[in-house]
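Colleague: Take this structure, written in structure tokens, and hold onto it; I'll ask about it next.
The values are calculated or read from the model by the stated rules, or taken from the named source; none is laboratory data. Predicted model only: the values in this text are computed from it and were never measured. Note that we place each Cβ from the backbone using ideal geometry, even for glycine, and neighbour counts take in every protein chain shown.
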Amino acid sequence: MLKRTPLYNIHRALGAKMVDFAGYEMPVQYSGIIEEHLTVRKKVGVFDVSHMGEFFVRGSGALEFLQKVTVNDVARLKSGRVQYTAMCYHDGGIIDDLLIYRMENQYMLVVNASNLQKDFDWLQSQKFGDVEIENVSDTTAMLAVHGPKSLATLQKLTKEDLSKVEYYSFIRTTLAGISMIISCTGYTGELGFELYFTADAEQAKEIWNAIFDAGKEFGITPVGLGARDTLRLEMGFCLYGNDIDKTTNPLEAGLGWITKLNKNDFNGRDAIVKAKQEGVKRKLIGFTLPDRALARHGCDIMYNTHVVGQVTSGTYSPSLQKGIGMGYIASDIANVGTIISILVRGKEIPATIVTVPFLQKH
């Protein structure tokens, strides 16, 4: 049996196309991926992301524990702030990328839905000292409201000045009369907010309707997972299971900026230090294709008639109106401006390595 979010009936009523995603029956699109994508870029869109995982980590040993199991420096995280990080196996392979919310006396971890149980089991297996880990995923609902008009939409529903919620920070407040956590972490590259609240169907419906009433004048639209993927790829954000997994280490994936090797010890550190000293053999690159040519996950990347890698993510960019993608190739040819080709249905299509993000936001 597939799980359903508290907003399942609303998605059905709106005519969403539903798919199996990470064990949940989720909306992949409503009016269409391109239309939904452009609404987020120009107006405001709402994603139901209640399938994501949330864990609370508390106890006197919580900080020391999180320092050990994640690659970023949790000690630098102040109350009310959020940190992007990753968990690695001892060989440096990535278990998951995640967010850590620093609260007064505990931490909240937000993990990918597809890795929820794996992550929880791993954390439990690594636990030491005075640490309690609570999985609240099934009792937590989450909406993401993103787009240039997201602030104007949500501000109508709360007395809190949401313009003061800085990037990668959060507040506890009420919105539409309901208590929740509101953060600003972004997965689309646009101004946006994430709302965490108790997963009650009637309450979720009440919040959903209030948001859509507030955003009606701005052309607010429900957005599915299809547009969420095209939006994140335009920003060059990694998707677990595509661009990062247990076979990749953070340095290869361009995540060296969150990997604090000056920390004394964390899972995978020795392997990552060794990879840095030896020089990473491959790198995750971004590329563009001409016109509407598409490269999909798994397509071969060619250079001088040889296969040098595979596409990890690929799509048509509605904003740039061309094909874009990412994939791993040998470090010595992973230079911006290099011409490669993508093998699509037996035909080589020329592509150019470019700097990511593909879409430059100001």
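Colleague: Condition first: in a loop (DSSP other than H, G, I, E, B) and among the charged types (D, E, K, R). Now tell me which residues in the range 81-92 satisfy that.
Modeller: Across the range 81-92, the qualifying residue is only Asp91.
Colleague: How many residues are over 19 Å from Thr198 (Cβ atoms) and either surrounded by fewer than 17 Cβ atoms within 10 Å (Cβ to Cβ) or in contact (Cβ under 8 Å) with a residue 40 or more places away in the chain (or both) when one looks only at the range 158-177?
Modeller: So the count comes out to 8.
Colleague: Now a separate question. Only one of Asp130, Asp119 is of a type in the set (Asp, Glu), over 30 Å from Lys216 (Cα atoms) and within 19 Å of the chain's Cα centre (by Cα); which?
Modeller: From the options Asp130, Asp119, the qualifying one is Asp119.
Colleague: Residues being in a strand (DSSP E or B) and not acidic (Asp, Glu): count how many of those fall in the range 127-171.
Modeller: Looking only at that region, the number is 12.
Colleague: Filter the range 239-291 down to residues that are hydroxyl-bearing (Ser, Thr, Tyr) and not in a loop (DSSP other than H, G, I, E, B) and give me whichever is surrounded by the fewest Cβ atoms within 10 Å (Cβ to Cβ).
Modeller: Within the range 239-291, the match that is surrounded by the fewest Cβ atoms within 10 Å (Cβ to Cβ) is Thr288.
Colleague: Just to check your reading of the model, which residue among Tyr196, Tyr187 is of a type outside the set (Lys, Arg) and either out of contact with any Lys or Arg (no Cβ under 9 Å at 6 or more places or on another chain) or on the phi > 0 side of the Ramachandran plot (or both)?
Modeller: Just one listed residue meets the conditions, Tyr196.
Colleague: Of the residues that sit in the range 326-354 and are within 26 Å of the chain's Cα centre (by Cα) and in contact (Cβ under 8 Å) with a residue 60 or more places away in the chain, which one is surrounded by the most Cβ atoms within 10 Å (Cβ to Cβ)?
Modeller: Looking at residues that are within 26 Å of the chain's Cα centre (by Cα) and in contact (Cβ under 8 Å) with a residue 60 or more places away in the chain, I get Ala351.
Colleague: A further question on this structure: From Ile95, Ile100, grab the single residue that is farther than 20 Å from Glu194 by Cα, modelled with pLDDT of 95 or more, under 18 Å from the mean Cα position of the chain (by Cα) and in a strand (DSSP E or B).
Modeller: Criteria check complete, one pass: Ile95.
Colleague: Here's something else I'd like to know. Quick check on the range 197-215. Is at least one of its residues assigned to a strand (DSSP E or B) and within 26 Å of Tyr107 (Cα to Cα)?
Modeller: Taking every residue of the range 197-215 in turn, at least one turns out to be assigned to a strand (DSSP E or B) and within 26 Å of Tyr107 (Cα to Cα).
Colleague: Of all residues in the range 2-23, which are in a helix (DSSP H, G or I) and without any contact (Cβ under 8 Å) to a residue 40 or more places away in the chain?
Modeller: If the condition is that a residue be in a helix (DSSP H, G or I) and without any contact (Cβ under 8 Å) to a residue 40 or more places away in the chain, then Tyr8, Arg12, Ala13 are the ones that fit.
Colleague: So for the range 270-285 (the condition being touching a Pro at 6+ places or on another chain (Cβ under 8 Å) and either under 30 Å from His90 (Cβ atoms) or in the same structural domain as Leu231 (by TED's automatic domain parsing) (or both)), does at least one residue qualify?
Modeller: Yes, the range 270-285 contains a residue that is touching a Pro at 6+ places or on another chain (Cβ under 8 Å) and either under 30 Å from His90 (Cβ atoms) or in the same structural domain as Leu231 (by TED's automatic domain parsing) (or both).
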